[in-house]
Structures are given as structure tokens and as C-alpha cells.
Amino acid sequence: MFIEVVTVGFYLENCHSLKQKRQALSGLRDKYGKIPTVAVVETDYQEQHQQSQWQFVFCGMDQKLIDKGVAQLERTVSLELDARVVQFEREKI
């Protein structure tokens, strides 16, 4: 079994309320929260409007599939969100 934790930090310049923050990042939870081999959680800055930190835990029997999922996540957060990525760290467990 391979497990990898990806920590992603965001700066949301145009968010001035928690509701706007949730709306800006909801697509990410919707997309990755439905994948059975990925766990998604907001891990920091829950009460701040313009910052957020999320962790994604990828697990599976094939490291290549995990690498593919992490690469897709990196593309998604950099291209599809109205937020600046300020942190992207991978940790194999």
C-alpha cells in the first residue's frame, strides 16, 4: 500500500467572507471528495477569509496511479481555481 499526503496552501485575494471562500474552493472538494482513494480535509485557516490550507491523502496499490492523481491535483489547483497556490508539498508515508 502506498500513501501520500499532499498539503496545499491557498491565498484568496478576492474573498471577503467565509461564504465566498467556501464557494471559491467547493469545486475542489466536490471533485476530489468523490474519489474513493482520496481523503480531503481543510486543515488550517478555517476562520480566515483569504487563506486556506487543505490536505489530500492519496492511497493505493500502484505508486504510478498516485503520482498521476497528484499531478492532476497540481494542474487543477493552478489552473481551475480563483486562488493563488502558496504551498504545494508532497509527503510519502
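The values are calculated or read from the model by the stated rules, or taken from the named source; none is laboratory data. Being a predicted model, the structure only gives us computed values, none of them experimental. Using ideal geometry, Cβ is built from the backbone for each residue, glycine included, and neighbour counts are taken over all protein chains shown. Keep in mind that these areas ignore ligands, DNA and RNA; they rest on the heavy atoms of the full protein, side chains included. Shrake-Rupley method; radii C 1.70, N 1.55, O 1.52, S 1.80 Å.
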Per 10 Å bin from zero, what fraction in whole % of the C-alpha pairs of the chain is there, up to the bin with the longest pair? 17, 52, 25, 6, 0
With all protein chains present, the chain has a carbon and sulfur share of its accessible area (1.4 Å probe) in percent of 51
Separation between the residue 29 and residue 87 pseudo-spin-labels, each 7 Å from Cα along Cα→Cβ, expressed in nm? 1.9
Might you report the magnitude of the Cβ-based charge dipole of the chain about its Cα centre, with Lys and Arg at +1 and Asp and Glu at -1, to the nearest 20 debye? 240
Given H placed on each backbone N at 1.01 Å, which residues far from residue 51 in sequence or on other chains put an amide H within less than 5 Å of it? 12
Backbone HN-Hα couplings from phi across region 71-82 [Karplus 6.51/-1.76/1.60, Hz, Gly and Pro as x]: 4, 5, 4, 4, 5, 4, 5, 8, 10, 9, 10, 8
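Quick check for you: with a 1.4 Å probe and neighbouring chains kept, what is the accessible area per residue of the chain, in Å²?
On the way: 5860 Å² over 93 residues.
With all protein chains present, the chain gives 63 Å² per residue.
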HN-Hα couplings for region 34-45 via Karplus (6.51, -1.76, 1.60; θ = phi - 60°), in whole Hz with x for Gly/Pro, come out as 8, 7, x, 9, 10, 10, 10, 8, 7, 9, 7, 6
